[in-house]
Structures are given as C-alpha cells and as structure tokens.
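Trainee: One structure, pasted below without further comment.
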Amino acid sequence: MLRNIFIFILSLISASSVIAAGNPITTIFPHIEFGINAKADSFFWIEKDQTGRTETLEYGPRLGLGLTLNNTKRPWPGIIFEGRGNYYLGATRYEGLSIDQNTNAEVDANTWTNYSWINLQGMIGQRTGKLLGDAMLDFMVGGNIDYWSRELKAGTDGAGQQFSGVTQTFRIFTARAGVGLAGAGKGQHWRLQAGVKFPFHTTLRVSQANLTLRPGKDISYYGLLESNSLFYALGYKFHFSAYYEGYRFKRSPNVAYGGGVVNQAESIMHVFGVELQY
C-alpha cells in the first residue's frame, strides 16, 4: 500500500515536469499548474460511548507537505480537476479510555498520540458560466484515500498504574461531492468550495492485539477558501488557503477478544487548517 502511494506521488511529479515542458494535454486542459504546499492543522479526535458521552478526546497540531496538479485557475467554463498527495505528522494530547494490552482491562489514559498520515485525493467537475458578477459556479465529484498510523503511547492511568501503548492503522476510501464559486482574471484567482464526504470502505487494524475492526460509515463535510491575492507583489505565485476536513464513523461491530468483545467507538474527526502553496 505505502509503496503504491509513493509511486503515485513520484508519477505526479513526473507528469508535472512533462506538462511544464509543453504537452498537448495543455490544449485539452488549459491553465494546468503543478504546486508544492505546506500545511498546519488543528486536529481533534472525539470518541463517544453508547449514551453519546465523550469518552476520549485528542487534540493538537498536525503539519503536512503536499503536491497538487490542477487547472482550477481556469478563467472560463469547462472541465476542471485537481489531484493531491499529502503527508502529515502530528503529536496530539490524549485524554480518555484505552485497553491495556497486558491485562485486557479498560483504563483511564492520559498520554500522547503520534500520527503518521498519507492522503491522496482526486476531484473532477464542471465550471459553468458567470453566476454572481465575475464568479463562476463549480460542481465537482471525486474521492480520497487515507492511510494513517495512530500510536497511543504508554502512560499512567487514573490510579497511577502504568499501561501499555497500542498502534492502530486506519485505511479509509471516501467519496466526495461539492459545489463552489470561483473567480479568475488578471493573475488573480479565488475559490470557495463546500461539500459532503462518505467513507464507503473503512478498516482499523490494532497491531498488538492482531485485531481488525470496521468502523461504521457516516456522512461528514469539508470546506475550502483559497486565494492568491494576498501575495500579489510576488506575481500571484503563492496561494493561501483555509480549510476544514471532517470525518464521522459509527460504532464498529463487536469483535471477540480476551474472553470478551471489543469495538471502535463512534468517532468524530475535525481538522481546521491553513495551507501555503507555490
């Protein structure tokens, strides 16, 4: 899986080099550009029990680097697309419940969680004619693949006893659809987009326990505001974005473990971030 992801990212770089050198593709999709970006996120992960009470809360920063290939600066109606590859690292504060891998007991955990995260995203759609002044209307559909490792560090429970850590690996395939507004002209570009997401395939691997759980599927949302006007003195080469990405997962079915059953609780993810792209 990881090998295929890195091959994809290298292929994206190679494709951008060909396009930059001149290619008939630019006749079909004008205004293609290749970008490199840096991201900074505020990350929240919430797990709820069956009564709806929050039993686990994670919060903290996440940093990322990425590549994009798109033609979203197109100043007239037609086909638009965007492909992205992102890699994130983060360390979040963990407050809540965990399963001690030594005793199989549920414990109160107050520790840290390390994240390593790969995200691939592809969107394609139609840009229509002028709607409000110079603003054009965009319709886009696509999907993304998320593959991330969540390492809960060993720590001390509420009774002062040591508990073992655990590593979880998530693999999520998600469909996306959105609508937005965009404007372009004289070097300037902006767009506003919002949409819905649905994870049609979800797996969670708990390495130490040799378990595979399947979190339930639920609708979530995303949003994006992008502009290059903040850096007009540099020739509009830098794009600044503010964005939101959410996920919601229903409680997974029970799986037998240690003489009992375990599951992944109802989970909610919120990510609020900013991005600088060149």
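The values are calculated or read from the model by the stated rules, or taken from the named source; none is laboratory data. Bear in mind the structure is a predicted one, so any value in this text is a computation, not a measurement. Note: ideal-geometry Cβ built from the backbone for every residue, glycine included; neighbour counts use all protein chains shown. Please note that ligands, DNA and RNA were not included when accessible areas were found on the heavy atoms of the full protein model with its side chains. Shrake-Rupley method; radii C 1.70, N 1.55, O 1.52, S 1.80 Å.
Trainee: I'd like to verify a number: residues in the stretch 64-79 that are of a type in the set (Ser, Thr, Tyr) and part of a strand (DSSP E or B), how many?
Mentor: Final tally of qualifying residues: 1.
Trainee: OK, next. Of the conditions (1) in a loop (DSSP other than H, G, I, E, B); (2) among the hydrophobic types (A, V, I, L, M, F, W, C); (3) at pLDDT 95 or above, residue 40 clears all except one; give me its number.
Mentor: Failing condition for residue 40: (1).
Every residue, every condition in (1) of a type outside the set (Asp, Glu); (2) open to solvent by less than 30 Å² (accessible area, probe 1.4 Å); (3) closer than 24 Å to residue 251 by Cα; (4) touching a Lys or Arg at 6+ places or on another chain (Cβ under 6 Å), yes or no:
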| position | (1), (2), (3), (4) |
| --- | --- |
| 111 | yes, yes, yes, yes |
| 120 | yes, yes, no, no |
| 152 | yes, yes, yes, no |
| 188 | yes, no, no, no |
| 197 | yes, yes, yes, yes |
| 203 | yes, yes, yes, yes |
| 214 | yes, no, yes, no |
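Trainee: Could I ask something else about it? Residue 62 versus (1) open to solvent by 60 Å² or more (accessible area, probe 1.4 Å); (2) at pLDDT 90 or above; (3) charged (D, E, K, R): which is the lone unmet condition?
Mentor: It is condition (1) that residue 62 fails.
Trainee: Another question, then. Can you go through 221, 243 and tell me which one is open to solvent by less than 40 Å² (accessible area, probe 1.4 Å) and without any contact (Cβ under 8 Å) to a residue 40 or more places away in the chain?
Mentor: 243
Trainee: Still on this model: Of the conditions (1) of a type in the set (Asp, Glu); (2) more than 16 Å from residue 168 (Cα to Cα); (3) at pLDDT below 90, residue 82 fails just one. Which one is it?
Mentor: In the conditions (1) of a type in the set (Asp, Glu); (2) more than 16 Å from residue 168 (Cα to Cα); (3) at pLDDT below 90, residue 82 misses (3) alone.
Trainee: Do the conditions hold for residue 52, that is, is it at positive phi, surrounded by fewer than 20 Cβ atoms within 10 Å (Cβ to Cβ) and modelled with pLDDT of 90 or more?
Mentor: no
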